[in-house]
C-alpha cells in the first residue's frame, strides 16, 4: 500500500522520473515508427509484386504447354477458383525510340481475362483522373487536364486507357485497330519522374548527320512504338529462329515495382505466340529421303513427295495465372490447383508435362516473389535489430536515473525499514515505480508513435516546407508517399517491451535498495 | 529480575515485574570504518520492564543509538567465539528470528522516534502517520481499516496539537511539530515499546520540554514502555530508571 502512495508521490514531485518516462516514450515511439514504416514498405512491395501475377501460377517456362484452354476450363469449373488466364513469359530485345537496345521481359496476355485475373487495369498509368496524387499540390499532373490534351494536342487519354485495356491502338491512317503493347512506365526513360511522383513525357534527342541535335517529341501511347526481337523455340526447346516485330505502344503501366516497370512489356498473346511459334501448328511427317517422289493423284504427274499432315500441335503458353474466389486460403487454393492440373495431365498424358514434373511449378504469388519478400523482411529485421540495440540503451538510462533516485531516497528507505518495511517491500517499491513509469512512458510513446505513423506524410511535408529537408523524395523513391502499416499486434509488442525495459532498468536499483543496511540508511546525509 | 520504578514527581511506587519485556544479554557490536574496527558495545546487559521508562545516558559515540537499533531489530549483534549474545522481546530471542519476523516486530511492537524526525518529505502529516499502519497491515488490511486508521492518526495528531496541520508537508512544519508527527507515527500501531533516540536533541529547550511532556503524558495513560537515549541529565532525571553506557558497558545509576 505504501508503495502505491510513494510511487504516486515520487512520480509527481520529481523531474527524474519524467526524464525516464521521456526516454521510454521516445524509445517506444521510435521503434513503433520504424517498424510501421518498414512494415508498410514491405506491404507496399508485396502488393506491387502481386498486382500482375494473380494468386497462383502454373508455370512451365520457355517451351510452355498446350491444351491450356482445356486446363482453364477445368480450373474455372472449381468453386475455389474465380478465373484463370493464359500468358507467355519470355525474354527478348527491345529497340527503344532513342536507339538503345535493352533486354526486356515480354508478357503475352489475353487482354480481357488478364485484367480479370490480375490488377493490370489499375496499373495503366495514362488515363484521365479527377483528383491529384498526394504530393501533386500544384495539380501539375497531365492526367488532370485530359480534356485540354484532347482538344489542344489531339491526345485522348480515355481512348489511350481503353487501348491499354484491349492491347490495341488505332492506325492513324485507316483507323483500324492494330495489336499494341503496354510498356512499363520506366522502360523507355522518356518519362521524367517529377518531384511529386508522377511522370512528364519527354522527347527524344536525335543526332543529325550534320552534327546538329534535333528534338523530337514522342508520347509513346500516342505515336511511339518499339521493336521487339524474340527467339522462338520448338516444342523440344531447341532454338528455331529469331523474329523481330515492331509493335505500337497502347499505354504504359506502373505496377509499383521498379524492377518490373523498368523492363517489362505486355503484348497480345496471339502476337507473341505467333512469333515464338507457339501458336497452333500442323504436325507433318518427316520425310527421310529428300529426293523421294510420288504421283499427283489429280494430274497423275510425278512430283516430289509431299509431307503428310498427321495431326495438330496445339497452341502453347508458358503460364496460366489463376485468381481465387474470396475467402479461400492461398495454400488451400494452390493444392486444389495442383489436383486439377493432375487431372488435366492424366487427360492429356504425353502432350503436357506430368503432374509430378509440374508439382513445384504450381506457385503462389508469395512463392513467385519469395526472394524479394524475404530480402525486405530481412532488411526490416536488421533495421529493427539496430534500433532495438539503440533503444536498449534506455534500460541503462532508466537504470542510471533510478540508481540516482534510489541513492537520493536512501534515508526514506531507512525510515521505511525502521517502520517495519521488508526488503521485498522496498524492492517492490522500485520495481513498481519502474513499471508505472514504463506504463506511462510506453503508453504515451505508443500514442505518439501511432500519431506520427498516421500522419507521417503530413509531418514530412510540413518539415519539408519549413526547413527544406526532404527525406522521402518521390523522384528517388518509387513510392510516392512514405508507406506505413500500423499493426495493433506490433504496437502491443512495442508497448510491452517498453514497460519491460523500464522494469529491467529498475531491477538493479531495487535490489540495491532492498539490500541497504537500514542503520546506515538512517544515518545517510 | 525485579526493578524499582520511581515516578518523576518523586512519589514511589513499587512495581515488581516477574519478567522483562526487553532483555539484553552480553551484546557486542563492532563497526568497521574502512580497515579499522571500532568496537562500540563490549557486552551489554540490560532489562526493561513492561511499562517502564528507561533512559540511556552516555557520551557521543558511546553506543547509545547502536543499542537502541539492536533492541529495535534494525541491526544484529556480533558473534564472538560463536556466541552472539541475546536480545529478547517478551521472552523471544530476536537474534534468532528471521528477517521477516524482525520486520513484523518493528512494525507491530516497536515505535521509533529519531532525533532528526525522519519524516517522508513527499507525504502529508497524516500520510506520514498512517504509513506505519500501511506497512503493518498491507494493502488489503489497510484498505479495509482505512477510515479507522486515519481517524486514529487524526486523533493522535490532534492530541499532540497538530489537528490544523493534517494536510501539510513536513517542510511546512517547525522542528517541534515535525517531532510530534514522528511520535504520532511511532504510536499509530499501538506498539508495546517506544524507542526514542534523543527526541529533543534537535530542539530548543522549551520545545524539547513540551515534546517530552507530550511523550510522558501519553506513556502514563497508555502504559507504554519507553527506552530513551539522551545525553541530557535533566531529561534522564525524569525517567523511571537511568543507565549509563561507559566504554561500551552498562553502568546503572
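So here's what we get for this one:
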read-out	value
Residue in the range B:161-178 that is on the phi > 0 side of the Ramachandran plot, within 14 Å of chain A (Cβ to nearest Cβ) and outside any helix (DSSP H, G or I) present	no
Residue list for the range B:144-160, restricted to those being surrounded by 13 or more Cβ atoms within 10 Å (Cβ to Cβ) and assigned to a helix (DSSP H, G or I)	B:146, B:149, B:150, B:152, B:153, B:154, B:156, B:157, B:158, B:159
Residue tally, condition buried (at least 17 other Cβ atoms within 10 Å of the Cβ) and in a helix (DSSP H, G or I), over the range A:461-489	1
Failed condition for residue B:124, given (1) within 12 Å of chain A (Cβ to nearest Cβ); (2) out of contact with any helix residue (DSSP H, G or I) (no Cβ under 6 Å at 6 or more places or on another chain); (3) under 30 Å from residue B:70 (Cβ atoms); (4) at pLDDT 90 or above	(3)
The range A:384-410 residues that are outside the structural domain of residue A:507 (by TED's automatic domain parsing), paired with ones that are modelled with pLDDT of 85 or more (beta carbon under 9 Å, 6 or more apart)	none
Checking residue A:429 against (1) in a helix (DSSP H, G or I); (2) modelled with pLDDT under 85, the condition it does not meet	(2)
Residue selected from the range B:127-142 under the condition at the interface with chain A (Cβ under 7 Å from one of its Cβ atoms) and free of Cβ contacts under 8 Å to residues at least 24 places away in the same chain, by the criterion farthest from residue B:103 (Cα to Cα)	B:127
Segments classed as strands (runs of 3 or more DSSP E), wholly inside the range A:161-274, with at least 3 members that are closer than 27 Å to residue A:119 by Cβ and touching a residue at least 12 places away in the same chain (Cβ under 8 Å)	A:181-184, A:199-201, A:225-233, A:239-253, A:264-268
Per-region count, the range A:498-525, residues in a helix (DSSP H, G or I) and either within 12 Å of chain B (Cβ to nearest Cβ) or closer than 30 Å to residue B:197 by Cβ (or both)	12
Which numbered condition residue B:118 misses (of (1) facing another protein chain (nearest Cβ under 9 Å); (2) part of a helix (DSSP H, G or I); (3) buried (at least 21 other Cβ atoms within 10 Å of the Cβ))	(2)
Subset tally (residues that are outside any loop (DSSP other than H, G, I, E, B), within 14 Å of another protein chain (Cβ to nearest Cβ) and touching a residue at least 24 places away in the same chain (Cβ under 8 Å)) for the range B:59-88	7
Residue in the range B:36-45 that is without any contact (Cβ under 8 Å) to a residue 60 or more places away in the chain and either surrounded by 22 or more Cβ atoms within 10 Å (Cβ to Cβ) or over 21 Å from residue B:231 (Cβ atoms) (or both) present	yes
Count of the range B:89-115 residues which are touching a helix residue (DSSP H, G or I) at 6+ places or on another chain (Cβ under 8 Å), within 11 Å of chain A (Cβ to nearest Cβ) and assigned to a loop (DSSP other than H, G, I, E, B)	1
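The values are calculated or read from the model by the stated rules, or taken from the named source; none is laboratory data. Just so we're clear, the structure is a prediction, and the values are computed from it rather than from any experiment. Quick reminder, even Gly has a Cβ in these numbers, built from the backbone with ideal geometry, and neighbours come from all protein chains shown.
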